1. At pLDDT below 65 and either of a type in the set (Ser, Thr, Tyr) or outside any strand (DSSP E or B) (or both): is that true of GLY22 in this structure?
2. Do we find that LEU136 is touching a residue at least 40 places away in the same chain (Cβ under 8 Å), under 19 Å from VAL218 (Cα atoms), of a type outside the set (D, E, K, R) and crowded, with 24+ Cβ neighbours inside 10 Å in this structure?
3. Determine whether the range 36-43 contains at least one residue that is within 15 Å of TYR107 (Cα to Cα) and not aliphatic (A, V, I, L, M).
4. Determine whether THR7 is touching a strand residue (DSSP E or B) at 6+ places or on another chain (Cβ under 8 Å) and either at pLDDT below 85 or surrounded by fewer than 16 Cβ atoms within 10 Å (Cβ to Cβ) (or both).
Amino acid sequence: MKRKLFTFLMAFLATVGNAVWGQTPIDLSSQDANITSTGNYTITGDGGSSHTIAVNTSGDVHITVNNASANQNGGDNNAFSIESGTVYLTLEGTNSFISGHEHAGIYVAEGATLIIDGEGSLTAECAKTNGYSSSLAAGIGGSSDNPNFGTIWIKGGNITARSYSDGQNSGTSTHAHGAGIGGGNNSSNGTIIITGGAVNAACEDLDGLYTSGYYAAVGAGIGGGYQGTCDAIAILGGTVTAYNTVSYGGNTGNNIGTGYDYSGSKHP
């Protein structure tokens with residue numbers, strides 16, 4: 001198995017390049033970034049709750065995000081979604097993509113590839129705040145409806161990825177079910193490669209207004225969501241911190257690996 005994984009990784013790394021030509025500018029503060037053609041794009045601006053990034057193409061897309069953000073917490077969309085193709089994401093400045101409890105901060109569909117590099121920072125979160133019981137998607141990776149994910153390769157940047165619940169339902173159980181990086185609830189497929197950068201990945205259930213009920217952080221920091229797994233995790237470089245935080249004694253998933261209560265035989 002390890003030899004097959006190594007062979008796969010070497011073959012995958014050999015197929016990707018880094019060529020970037022002229023850039024097409026997109027300002028998220030005034031429009032969605034709906035990318036359906038291969039090419040090179042620079043995305044800036046604060047999309048707030050109005051504008052998102054979506055990539056759906058069969059080829060390679062080079063995107064530079066420079067102080068770009070979108071916040072879909074409470075909405076019905078992924079702040080940043082990659083439905084198909086290979087996205088080379090270069091980080092400049094400070095960037096943030098936040099989605100609500102069923103959606104990934106950056107959704108990477110099964111069969112798609114996301115490659116992250118650069119000197120900037122990235123925050124990507126699935127956030128349950130004020131009104132829902134669970135975060136069901138990953139910070140980067142799968143969503144609630146589509147918990148499996150494609151290939152996520154982190155080469156550089158300062159990256160924080162979380163699936164979290166803020167515990168703001170007083171007297172009600174709250175849970176974080178997605179991985180920080182990896183699968184949504186009940187994931188089974190996906191590959192994670194880290195060769196550089198500073199990566200902080202977490203599944204967290206924070207204290208909020210706890211008075212009673214049951215709190216749990218049952219996704220992995222890196223890997224599968226609750227009751228889930230993925231195909232492979234390879235950490236070959238960089239500085240990586242992966243963890244689970246639960247405020248009031250509930251269950252937790254693995255820091256790296258499967259989610260809590262996974263009963264299958266496939267372990268990354």
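1. Here the answer is no, as GLY22 does not meet what is asked.
2. The answer is yes for LEU136.
3. We begin by selecting, within the range 36-43, every residue within 15 Å of TYR107 (Cα to Cα); these are none.
No: zero hits.
4. No: the conditions fail for THR7.
The values are calculated or read from the model by the stated rules, or taken from the named source; none is laboratory data. All values reported here derive from a predicted model rather than from experimental measurement. In this analysis, Cβ positions are derived from the backbone assuming ideal geometry, glycine residues included, and neighbour counts consider all displayed protein chains.
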